[in-house]
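Have a look at the structure below before the remarks.
The values are calculated or read from the model by the stated rules, or taken from the named source; none is laboratory data. Please read all numbers here as calculations on a predicted model, not as lab measurements. Every residue, glycine as well, gets a Cβ built from its backbone with ideal geometry; the counts of neighbours run over all protein chains shown.
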Amino acid sequence: MKLKTAYDVGALPHAEHPMPQAQRESWLNLNGKWEFCKIDAAGNKSFEGEILVPFSPETLNSGVADGFVLERGAKMRYFRTITIDKTMLRGKTVLHFGAVDSSCEVFFNGTSVGTHRGGFTAFALDVTDACRKGENTIEVIVCDEATRNGGARGKQSDNRGGIWYTPQSGIWQTVWLESMPKKHIGEIKITPNASKKTVKIEASGKMQIKVFDGELEIIEQKFTDEITLAYDFELWSPEHPKLYDFLLTNSAGDEVRSYFGVRSFGRVIDKAGKVRLALNGKPYFFNGVLDQGYWSDGLLTYPSDQAAIDELTMLKEMGFNTVRKHIKLEPMRWYYHCDRLGLTVWQDFPNGGGEYKFSHVAALPFLGVKHKDSDYKYFARENAEARAEFDGMVDEILCQLYNVVSISVWVPFNEGWGQFDSQKYTAHVHEKDPTRIIDSVSGWHDQGIGKTSLCSLHTYYTPLRVPRDPRPVVLSEFGGYSMKVEGHVFDPDKEFGYKKFKTEKELVEALRVLYLKKLKPLIAKGLCAAIYTQVSDVEEEINGLVTYDRAVQKVPTAALRAINDEIDATAAQIE
């Protein structure tokens, strides 16, 4: 069933500036109508017409005809003409893509300006020498073999069903042009220190910084390349999501607006001698929801900025303080809304590999059998090129998301899907970013990684528990209670969930028992986090708090708020 959300995407979808932590005035949003066609392996064209960027052609919001499937060997061609004035020719002009699934080559005025592989990470191409004042053309040729060649695909599957979803392809995040002087401010790196209430800002070149608390300017200083700002900064937390704006300027007239929050994530030992996850040096219970980030009319692309705000606001009002972003990345504005609303983020790395063998990655762990992830064949990771893609993607993610205030946990691998060399990658992530917690192999096939990781449990069919482990123990997935809402399901004849209920009353009561009778007593025993499955239904997986089209909220906000208030009260007693 084709399900549409109530959000109007408009003629220029996602019109807001896509980089809240790196805003220049000289930018041009290139979303909207592009010429589009599919070209099969024999060179035959089909689906010729227009597409609404940034929605993939498989989605309702794209405007491409029903039945679009990108077969093996086929390509997509995007093309549009743009008019550039002198404000976009200030010395250096850069073309940005939020995400293109999964590999592409870009041409500007007929000249190839670069390629990118990896369907979830952002990239930028210098088009200074190719662009000109007046009319310009952009052409993007896209291939997507990720579901077939072992590349990063997340939850996409050519054999969708159950917990695997319809694959998408092509441009699925904002495309935009940016201009800056030749002598411009480089990449910004922001590292807060909560214990000292300072923040280090790194950016190449000589410049001036102004920091604002609301409308009040609180700091004005000059620096070169790096500066540590000392001030009595208020600490950021979900309960107090305090952010500070700042403005960087240099002598060439380059200006970049950004923001930061001061906080720390880590671990502490409580008075009872139990290891706990910590926020700002104190024990903190991460009470959250698993978020697949799929939408009925946009797949990986939410329909509008307001849609993202509404969903995150709902979770906040329900009393959750954490969102686990599951096997995908979001546009940078999504993280900005988490920063300002006050929701910490557990960020998964999208993974790939060959065909997942249920017996290997799922059935055996239920019997207590673990496997060494240096065995590439066991985990369907024999493809060296796909492993190399993941290797590069890890650093792209760490660079792209480093400055996000709300990200508290990195999750490199999940349930053995495409898992390999997790000890190496956990050490690498920790070296690149020692400021955050790492859930190395969420769920299964734990490689016994020490102080940099977690004891991470996925529990759906067995009793909740806290095993003896020197690491913080987290329930990184649980629940998955489902309820069908007629008229708002993807497939009336198929439904997937871990425990089924027929009415709202039954579902709410089951959640009360799950949280207050089964989970709450585990907090005193050392449980550090709980991530409920999940925010929304996705296709035939109907265990969401809301339906796939976001039209029906299955669990009332007040009911979940009352439950979470009890959880918070119990967690607050930990010292």
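Working only within segment 455-472, note down all residues that are more than 19 Å from Leu514 (Cα to Cα), touching a residue at least 24 places away in the same chain (Cβ under 8 Å) and surrounded by 18 or more Cβ atoms within 10 Å (Cβ to Cβ). Steps first, please.
Looking only at segment 455-472, we keep the residues that are more than 19 Å from Leu514 (Cα to Cα), and these are 455, 468-472.
So of that shortlist, the ones also touching a residue at least 24 places away in the same chain (Cβ under 8 Å) come out as 470-472.
Correct list: Arg471, Pro472.
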Give just the number: which of (1) in contact with a Ser or Thr (Cβ under 6 Å, 6 or more places away or on another chain); (2) under 30 Å from Ala510 (Cα atoms) does Ile449 not satisfy? (2)
Which of the residues spanning segment 160-182 are farther than 17 Å from Asp491 by Cβ and assigned to a strand (DSSP E or B)? Gly170, Ile171, Val175, Trp176, Leu177, Glu178, Ser179, Met180, Pro181
How many residues does segment 238-291 contain that are of a type in the set (S, T, N, Q) and under 26 Å from the mean Cα position of the chain (by Cα)? 4
How about segment 1-63: which strands (runs of 3 or more DSSP E) wholly inside it have at least 2 residues that are hydrophobic (A, V, I, L, M, F, W, C) and buried (at least 19 other Cβ atoms within 10 Å of the Cβ)? 32-39, 45-53
Quick one: would you say Lys505 is on the phi < 0 side of the Ramachandran plot and at pLDDT below 95? no
Being surrounded by fewer than 22 Cβ atoms within 10 Å (Cβ to Cβ), in contact (Cβ under 8 Å) with a residue 40 or more places away in the chain and under 21 Å from the mean Cα position of the chain (by Cα) narrows Lys182, Lys189 down to just Lys189
Please find, within segment 477-498, the residue that is surrounded by the fewest Cβ atoms within 10 Å (Cβ to Cβ) out of those that are at pLDDT below 95 and under 23 Å from Ser456 (Cβ atoms). Tyr498
Of the residues that make up segment 91-102, is at least one at pLDDT below 95, touching a helix residue (DSSP H, G or I) at 6+ places or on another chain (Cβ under 6 Å) and among the polar types (S, T, N, Q)? yes
Take the residues in segment 101-140 that are assigned to a strand (DSSP E or B) and touching a Lys or Arg at 6+ places or on another chain (Cβ under 6 Å); name whichever of them is farthest from Ile397 (Cα to Cα). Ile138
Selection from segment 220-241 of residues surrounded by 18 or more Cβ atoms within 10 Å (Cβ to Cβ) and either in the same structural domain as Gly319 (by TED's automatic domain parsing) or not in a strand (DSSP E or B) (or both) yields Phe233, Trp236, Pro238, Pro241
